[in-house]
Amino acid sequence: MPVSRRRIFPALLTSISVLLLFQGCSGQDADRQPATSRLIQFPNALSALNVHFNPEWAMDKLWEDGLAEVATYEAERVIYKKMRRFELTQITVKEEFNQEFNVKTDAYERPDEFPVLKVNQFCRIPTDQYPYHFLTSLFFRRDQPVALHKLTTSSQEWCGTTFKAITDDGEQYTEVYNSYWDGQGAGQRQLRRNALFEDALPYTLRALRFEARPSFSTNIFELQQTSQAKAPVSYQAQVQVAEATAAETTRPAWRVSVQLDKEKQNIYWFDREYPNVLLRQTTWDGRTLQLKQVRRYAYWTH
């Protein structure tokens, strides 16, 4: 044993010295890695769905025109056991993210930037006493239109504010939340990564290979655009594509039914022409969307 220690310790000290020398010459903080070291591309946990989805859907040059797709919907949603009518806006636009802060970048020569498509859903819902405000932002890597990269959602009304953020760390989703509800408060939880999100379906389902009329099952997390921050329910859902009838929409469309469980079904209608904008939606809990208008413009300059 004494002989083996004499052989091991010098080698160990040498390795430590080399490591310390490298750190000292790197000019980096010990707790901060260079941005490029975090550009690890993890496998897409939903890659098995690629047979039903087109991974290249968001790569079309349409999204490079410097404009945003702004779709306005006539909407309905039940709040306080009463159907409320309002207007919902969904914005879809290409942005450049950076890996360091995981947000839209202001400098476009960073080594850690990557393109995403952002989907913003905003609405103001009047009630008998005060309005509800919801804003949900969803981000998808441009080459992965199915797998969520990041989600933030918040609600504001006279009783309080709730905020939730879900991010993909490459192995799982991490959800951070802050709610005004008793029993919830502030916290963090881990979610499995091999699932779609109900909030994202108006975007992700646009990338379906509609012509093949796919039918498949997949995990789907329930709607996050709420004032609560409970652990999200995950459904083993059945998705099925069919041609819409002339009576269902005003123009040729695909009809996508999402059976979350035996009692809960959502239906989405998408334009048959690219970019397959959502024309109409009905859900099991009374939420409806009906396209009012869609246009492309730089909304941030108005």
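Examine segment 223-237 for a residue that is among the charged types (D, E, K, R) and under 22 Å from the mean Cα position of the chain (by Cα), and state whether such a residue exists. Yes, the conditions are met somewhere in segment 223-237. Can we say Y299 is surrounded by fewer than 19 Cβ atoms within 10 Å (Cβ to Cβ), at pLDDT below 95 and out of contact with any Pro (no Cβ under 9 Å at 6 or more places or on another chain)? Yes: the conditions hold for Y299. Note on segment 135-147: residues that are within 19 Å of A229 (Cα to Cα) and either hydroxyl-bearing (S, T, Y) or crowded, with 20+ Cβ neighbours inside 10 Å (or both) total 3. Taking segment 172-216 as the range and being of a type in the set (S, T, N, Q) and more than 21 Å from Q156 (Cα to Cα) as the test, the residues that pass are Q172, T174, Q190, N194, T204, S215. Taken together, the criteria exclude Y180 from residues that are aromatic (F, W, Y), within 19 Å of the chain's Cα centre (by Cα) and either closer than 18 Å to Q265 by Cα or outside any strand (DSSP E or B) (or both).
A single entry from T245, T218 fulfils the requirement of being crowded, with 18+ Cβ neighbours inside 10 Å, polar (S, T, N, Q) and either in contact with a strand residue (DSSP E or B) (Cβ under 8 Å, 6 or more places away or on another chain) or modelled with pLDDT of 95 or more (or both): T218. The strands (runs of 3 or more DSSP E) located wholly in segment 189-302 include none with 3 or more residues which are touching a His at 6+ places or on another chain (Cβ under 9 Å) and under 17 Å from V70 (Cα atoms). Scanning segment 188-215 for residues that are more than 30 Å from E273 (Cβ to Cβ) and either without any contact (Cβ under 8 Å) to a residue 12 or more places away in the chain or of a type in the set (D, E, K, R) (or both) returns R189, R192, R193. Listed by first and then second residue, the pairs with beta-carbon distance under 7 Å, at least 6 apart or on different chains, first residue in segment 161-175 and in a loop (DSSP other than H, G, I, E, B), second modelled with pLDDT of 95 or more, are Q172/Q190; Q172/L191.
Search segment 33-91 for residues being of a type in the set (A, V, I, L, M, F, W, C) and in a loop (DSSP other than H, G, I, E, B), and hand back the single one that is modelled with the highest pLDDT. This residue is L67.
The values are calculated or read from the model by the stated rules, or taken from the named source; none is laboratory data. Just so it is clear, the structure is predicted and the values come from calculations on it, not from any experiment. Heads up, the Cβs are rebuilt from the backbone with ideal geometry, glycines too, and the neighbour counts pull from every protein chain shown.
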